[in-house]
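Chemist: For reference, the structure I am asking about is given below.
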């Protein structure tokens, strides 16, 4: 149905599982795996972006869901993963938390422990992946060409890094974004991520 979409990157959803790409005035909601989300965290909204996409529909969800990737290799490995029985598109995407060459190497070497450690993959699922794909992943074992995300300016990088750290501390993304934006807009002495975290905890203590 689709090979790729190129348009304006509109940012991610509150749950970070999807992004919106504006293509000719139409906003496409696209599910992305964690490795793609990590790279897009450094891309400001409003930048032009190309995602290699695949549409998947099921009997229970006949309206196609779009899945997006930064390289054809990422898309290719995902397509292999969804060929494994009982491994759906969203589960395969969520499991892609490591570079694809590491996942492919684990499959080729029958590394059940590594695969079992991927989100949503059980030991039984790891065995099915190995049995189904062990002889098919050789093209993905060598390092994939990385597509460098467009470099943001230092202020964007500071904001993204601070939000990421607050998320690790347990804040929800909307709350973390509001807190970082508040501090950056009201304080001229904020120069580092540590400054933001320090001021965040000061404000919480004062409440």
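The values are calculated or read from the model by the stated rules, or taken from the named source; none is laboratory data. All values reported here derive from a predicted model rather than from experimental measurement. With ideal geometry, Cβ positions are generated from the backbone for all residues, glycine too; neighbour counts draw on all protein chains shown.
Chemist: Residues being buried (at least 22 other Cβ atoms within 10 Å of the Cβ) and more than 15 Å from residue 5 (Cα to Cα): count how many of those fall in region 50-71.
Modeler: Here the count works out to 0.
Chemist: Return the total of residues in region 81-102 being under 13 Å from residue 128 (Cα atoms) and in contact (Cβ under 8 Å) with a residue 60 or more places away in the chain.
Modeler: Summing the residues that are under 13 Å from residue 128 (Cα atoms) and in contact (Cβ under 8 Å) with a residue 60 or more places away in the chain in region 81-102 gives 0.
Chemist: Within region 72-95, is there a residue that is under 27 Å from residue 23 (Cβ atoms), surrounded by fewer than 16 Cβ atoms within 10 Å (Cβ to Cβ) and under 16 Å from the mean Cα position of the chain (by Cα)?
Modeler: yes
Chemist: Look through 65, 122 and report the one residue that is touching a strand residue (DSSP E or B) at 6+ places or on another chain (Cβ under 7 Å), modelled with pLDDT of 90 or more and over 23 Å from residue 48 (Cβ atoms).
Modeler: Answer to the selection: 65.
Chemist: Another question, then. Mind checking which residues of region 140-166 are at pLDDT below 75 and under 20 Å from the mean Cα position of the chain (by Cα)?
Modeler: Residues satisfying the conditions are 143, 144, 145, 146, 147, 148, 149, 150, 151, 152, 156.
Chemist: Considering only residues of region 13-33 that are in contact with a helix residue (DSSP H, G or I) (Cβ under 7 Å, 6 or more places away or on another chain) and surrounded by fewer than 18 Cβ atoms within 10 Å (Cβ to Cβ), which is modelled with the lowest pLDDT?
Modeler: Among those that are in contact with a helix residue (DSSP H, G or I) (Cβ under 7 Å, 6 or more places away or on another chain) and surrounded by fewer than 18 Cβ atoms within 10 Å (Cβ to Cβ), it is 14.
Chemist: Of all residues in region 117-138, which are under 22 Å from the mean Cα position of the chain (by Cα) and either within 18 Å of residue 83 (Cα to Cα) or touching a residue at least 24 places away in the same chain (Cβ under 8 Å) (or both)?
Modeler: Scanning region 117-138 gives 118, 119, 120, 121, 122, 125, 126, 129, 137.
Chemist: So how many residues does region 103-115 have that are free of Cβ contacts under 8 Å to residues at least 24 places away in the same chain and surrounded by 15 or more Cβ atoms within 10 Å (Cβ to Cβ)? Break it down into steps so the answer makes sense when it comes.
Modeler: Going residue by residue through region 103-115, those that are free of Cβ contacts under 8 Å to residues at least 24 places away in the same chain are 106, 109, 111-115.
In the following step, the residues that additionally are surrounded by 15 or more Cβ atoms within 10 Å (Cβ to Cβ) were identified as 106, 111-112, 114-115.
Result for region 103-115: 5.
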